[in-house]
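Beneath this line is the structure, given in structure tokens, with notes to follow.
The values are calculated or read from the model by the stated rules, or taken from the named source; none is laboratory data. These numbers come from a predicted model, not from an experiment. For neighbour counting, all protein chains shown are included, and Cβ atoms are generated from backbone atoms with ideal geometry for every residue, glycine included. SASA here: full protein model, heavy atoms, side chains in, ligands and nucleic acids out. Shrake-Rupley method; radii C 1.70, N 1.55, O 1.52, S 1.80 Å.
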Amino acid sequence: MGNKTKGLLALVGLGALAYWKYKNSSDEEKQMVKDKINTAKDNFNKWGNDLKDKANNVASQVQDKASSVASQVKDQAEDVENQAQQAVN
């Protein structure tokens, strides 16, 4: 038997043991397990939302920076145009 198979059997065994233990638990113990799972789920969702917020912030910062650079380039182009007109006149 390979190591992967042994590992898989151990995992299945642990799962079965946990399930058996859960089935034979009191209602209070079952509720504690459910609460732990819900807390973990909430934390995972919060983490996902935090990542989404950070990604959106970075995206809007990049957009702001691009707009700022574009506006500077436009201003400089207008300055050059004005200088050219003054030189011609």
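Rolling a 1.4 Å sphere over the protein heavy atoms, what is the accessible area per residue of the chain, to the nearest Å²?
Using a 1.4 Å probe on heavy atoms only, each residue of the chain averages 92 Å².
So, with a 1.4 angstrom probe, what is the percent of accessible area on the chain that is carbon and sulfur?
Numbers: 4740 of 8230 Å².
Reported share for carbon and sulfur atoms: 58 percent.
When the chain is modelled as a GNM with alpha-carbon springs shorter than 10 Å, which of K52, K36, K74 fluctuates the most?
K74
So which residue, out of Q76, Q63, Q31, gets the largest mean-square fluctuation from a GNM of the chain using Cα contacts under 10 Å as springs?
Q76
May I ask which residue of N45, V80, S67 lies farthest towards the positive end of the charge dipole of the chain, with charges of +1 (Lys, Arg) and -1 (Asp, Glu) on Cβ and the Cα centre as origin?
N45
Does the chain classify as rounded, prolate or oblate by the C-alpha gyration tensor (a ≥ b ≥ c root eigenvalues; a/c under 1.5 gives rounded; else a/b over b/c gives prolate, otherwise oblate)?
It comes out oblate by the Cα gyration axes.
Please work out whether the range 10-54 counts as rounded, prolate or oblate from its C-alpha gyration tensor, where a ≥ b ≥ c are the square roots of the eigenvalues and a/c under 1.5 means rounded, while otherwise a/b larger than b/c means prolate and anything else oblate?
oblate
Dipole magnitude of the chain about its Cα centre, charges +1 at Lys/Arg Cβ and -1 at Asp/Glu Cβ only, in debye to the nearest 20?
For this selection, approximately 1080 debye.
Could you work out how far helix 27-88 tilts from the main Cα principal axis of the chain, as a 0 to 90 degree angle to the nearest 10?
10 degrees
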